[in-house]
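Quick notes on the structure that follows.
All of the numbers you see were taken from the coordinates with simple rules; none came from a lab. Note that the structure is a prediction, hence the values are computed from the model and not measured. No Cβ is skipped: glycine too gets one built from the backbone with ideal geometry, and neighbour counts run over all protein chains shown.
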Amino acid sequence: MASLKDLLAQRAALDEQISQTKERERADAVAKVKSLMAEYGLTIADLSARVPKAAKTSKVAVKYRNQATGETWSGRGLQPKWLKAAISGGAKLEDFHV
């Protein structure tokens, strides 16, 4: 059975091998990328991600407004709580129309 001192020495040797291998493989990768860039005439700017801009979405116009609080609703989707509460309290939807 190996002693703690021996195992720590082995670990240090392995850590050094790992470090050297990482550096060598990284250098190989950089050289390969540079070679491909030269072959195809690419620049650093060509490597930046070109993400097409999303189409502008237009906001839907406000159709209903709570005059007391300024809260609004476009009329799309579920009715907001403030509007439901007002309607259940006896108000009409038309009372909030802008």
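So here's what we get for this one:
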| read-out | value |
| --- | --- |
| Pairwise Lys count, the range 15-98 - Cα closer than 22 Å, eight or more residues apart or different chains | 8 |
| Of the trypsin sites (Lys or Arg not before Pro) in the range 33-67, those whose Cβ has at most 14 other Cβ within 10 Å and which sit in DSSP loop | ARG50, LYS53, LYS56, LYS59, LYS63 |
| Listed candidates [x] 25, 18, 10; [y] 27, 15, 12; [z] 68, 29, 8 - label of the one calculated as semi-axes √(5λ) of the Cα gyration tensor in Å | [z] |
| Helix-only mean residue ellipticity at 222 nm for the chain, each DSSP H run of n ≥ 4 adding -39500 (n - 2.57), per residue, nearest 500 | -16500 deg cm²/dmol |
| Other-chain or far-sequence residues with amide H under 5 Å of GLU71's (modelled H) | ASN66 |
| Cα long-axis angle, helix 4-40 against the chain (0 to 90 degrees, to the nearest 10) | 70 degrees |
| ³J(HN,Hα) computed for each position of the range 41-55 - Karplus, 6.51 cos²θ - 1.76 cosθ + 1.60, integer Hz, glycine/proline x | x, 8, 10, 4, 4, 5, 7, 5, 5, 9, 9, x, 5, 5, 4 |
| Stretch gain in nm, segment LYS59-ARG26, where the contour uses 0.36 nm per residue and the Cα spacing is subtracted | 7.0 nm |
| Whole-Hz ³J(HN,Hα) from phi, Karplus 6.51 cos²θ - 1.76 cosθ + 1.60, for the range 62-75, glycine and proline x | 6, 10, 9, 9, 8, 5, 6, 10, x, 5, 10, 8, 7, x |
